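This report concerns only the one structure given below.
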Amino acid sequence: RSWRMMLLGSIPLAFSLIWFLAFTWLTFGSLNLITAIGIPTVLGLSIDFSVHLLARYDEHRFEGLENREAIRAAVMGAGPGILTGALTTAGAFLALGITEFKGFRELGVITGFGLLAGVVITLLLVPAALSSDKLAFLHAKPSPGGTGQDTPIRRLQIPERVARHAGGVVTSGVLLALVTLWFAGHIPWSYNYVDLLPDSVEST
């Protein structure tokens, strides 16, 4: 609920966009009608990195941890999940790099790189910014007593429940992936870009 926190979380997006455009220029020279989709994709997915990191930091500050301790706890707690999500998503986009359709191939490569750049910038810039005394106005106020036991996050205890049933969660995920993989084999595919355009437009 802080526009200052929102601003801090958005700063890495600017650097990610610069890296994304620079990499695009170095590799393919320009954007096209399809690869331009990579810009909102990178921005929309990269903001999650900052959101999770700042939310965990704010949670630890509310529990009563000092600033440096809260930063370390946030990075060590949320960092592995953020990194895993970023690598998984970037890998999915980079897999498009082996497709025959040039537009999707370029989109996958530059978007995958943009997500990797976004997670690196976020994990380096946000903790450093939070540790600066000049950004002290961003720090959350610890709760009275520093326990944080009355927060909605503590009452939900979703992470603890997932950890207790890790085997069931993994098994369900694998089964769901196998089911969707079977359906994926029945999806028709066309590399003809004209098929994506309305019949009424002049270019078609």
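The values are calculated or read from the model by the stated rules, or taken from the named source; none is laboratory data. Please read all numbers here as calculations on a predicted model, not as lab measurements. We place every Cβ from the backbone using ideal geometry, glycine too, and count neighbours over all the protein chains shown. Quick note on the areas: whole protein, heavy atoms, side chains included, nothing else; ligands and nucleic acids left out. Shrake-Rupley method; radii C 1.70, N 1.55, O 1.52, S 1.80 Å.
Among residues of region 189-204 that are open to solvent by less than 100 Å² (accessible area, probe 1.4 Å), those with a beta-carbon under 6 Å from a residue that is of a type in the set (A, V, I, L, M) and in a loop (DSSP other than H, G, I, E, B) at least six positions away or on a different chain give the pairs T204/L197. Of all residues in region 7-34, those that are open to solvent by less than 60 Å² (accessible area, probe 1.4 Å), at pLDDT 90 or above and not small (G, A, S) total 6.
One line per residue, one yes/no per condition, for (1) closer than 28 Å to R4 by Cα; (2) part of a helix (DSSP H, G or I); (3) touching a helix residue (DSSP H, G or I) at 6+ places or on another chain (Cβ under 9 Å):
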| residue | (1), (2), (3) |
| --- | --- |
| G44 | yes, yes, no |
| D48 | yes, yes, yes |
| R61 | yes, yes, yes |
| V75 | yes, yes, yes |
| G91 | no, yes, yes |
| G103 | no, yes, yes |
| L123 | yes, yes, yes |
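Scanning region 35-51 for residues that are loosely packed, with under 15 Cβ neighbours inside 10 Å and among the small types (G, A, S) turns up A36, G44. Taking every residue in region 112-133 that is over 18 Å from A95 (Cα atoms) and open to solvent by 10 Å² or more (accessible area, probe 1.4 Å) and pairing it with any residue that is of a type in the set (S, T, Y) and at pLDDT 90 or above, at least 6 positions away or on another chain, the pairs with Cβ-Cβ distances below 6 Å are I121/S16.
I need a count of the residues in region 72-92 that are open to solvent by 20 Å² or more (accessible area, probe 1.4 Å) and either among the aliphatic types (A, V, I, L, M) or touching a residue at least 40 places away in the same chain (Cβ under 8 Å) (or both).
Counting residues in region 72-92 that are open to solvent by 20 Å² or more (accessible area, probe 1.4 Å) and either among the aliphatic types (A, V, I, L, M) or touching a residue at least 40 places away in the same chain (Cβ under 8 Å) (or both) gives 7.
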